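Take a look at the structure below.
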Amino acid sequence: QVQLVETGGGLVQAGDSLKLSCAASEQPFSIYAVGWFRQAPGREREFVAAVSSTGNIYYADSVRGRFTISRDNAKNTVYLQMNSLKPENTAVYYCALTPYWKVKYYVLSNWDYWGQGTQVTVSS
């Protein structure tokens, strides 16, 4: 059973930064694509960023230029560096894993494993 554990969430002020981590139990971690999604209260879960097994990176338009996804295969961990946070970035952030990269990486059903989420709250 693949386990994903997200950490690093918290309460910050607008303009601050946070770095989320997602540690995976599955090996070899390098063969998996990893994504970050978020779900704000009353809204559907949405795509934030993803990195393929080959290092290709994709971002949602709303976070491009402020968020950075990276992975450390030696540590079985993927990171999401979030800068210039805004109140509208408040959400539960989830990481997801799949060994089968799909063109429609932003579709939730194309991801096989999910973490439990970490809360990010940005105050104005």
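The values are calculated or read from the model by the stated rules, or taken from the named source; none is laboratory data. Keep in mind it's a predicted model, so treat the numbers as computed, not measured. Every residue, glycine as well, gets a Cβ built from its backbone with ideal geometry; the counts of neighbours run over all protein chains shown. Keep in mind that these areas ignore ligands, DNA and RNA; they rest on the heavy atoms of the full protein, side chains included. Shrake-Rupley method; radii C 1.70, N 1.55, O 1.52, S 1.80 Å.
Sort D61, D16 from largest to smallest accessible area, using a 1.4 Å probe on the heavy atoms of the protein chains.
Order by accessible area, largest first: D61, D16.
Accessible area of the chain with a 1.4 Å probe: how many percent of it is carbon plus sulfur?
47
Tell me which of A96, F47, Q27 sits at the most positive position along the dipole axis of the chain, charges placed on C-beta atoms (Lys, Arg +1; Asp, Glu -1).
My answer, from the dipole projection, is F47.
Please give the peptides 68-79, 88-99 ranked by average Cβ packing (other Cβ atoms within 10 Å per residue), highest first, as a rough proxy for protection.
Final packing ranking: 88-99, 68-79.
Applying the Karplus parametrisation 6.51 cos²θ - 1.76 cosθ + 1.60 with θ = phi - 60° to the phi angles of the range 60-73, what ³J(HN,Hα) value in whole Hz is obtained for each residue in order, glycine and proline being reported as x?
5, 4, 6, 10, 4, x, 10, 9, 9, 9, 8, 9, 10, 5
Considering only the chain, what is the antiparallel percent among its DSSP beta bridges, to the nearest 5?
Roughly 90 percent of the DSSP beta bridges within the chain come out antiparallel.
In debye to the nearest 20, how big a dipole does the chain give about its Cα centre with +1 on each Lys and Arg Cβ and -1 on each Asp and Glu Cβ?
160
Among all the aspartates and glutamates, which ones have a C-alpha under 17 Å from K86's C-alpha, if same-chain residues fewer than 8 places away are not counted?
D16, E46, D61
Keeping every protein chain present and rolling a 1.4 Å probe, give me the accessible area per residue for the range 13-93 in Å².
48
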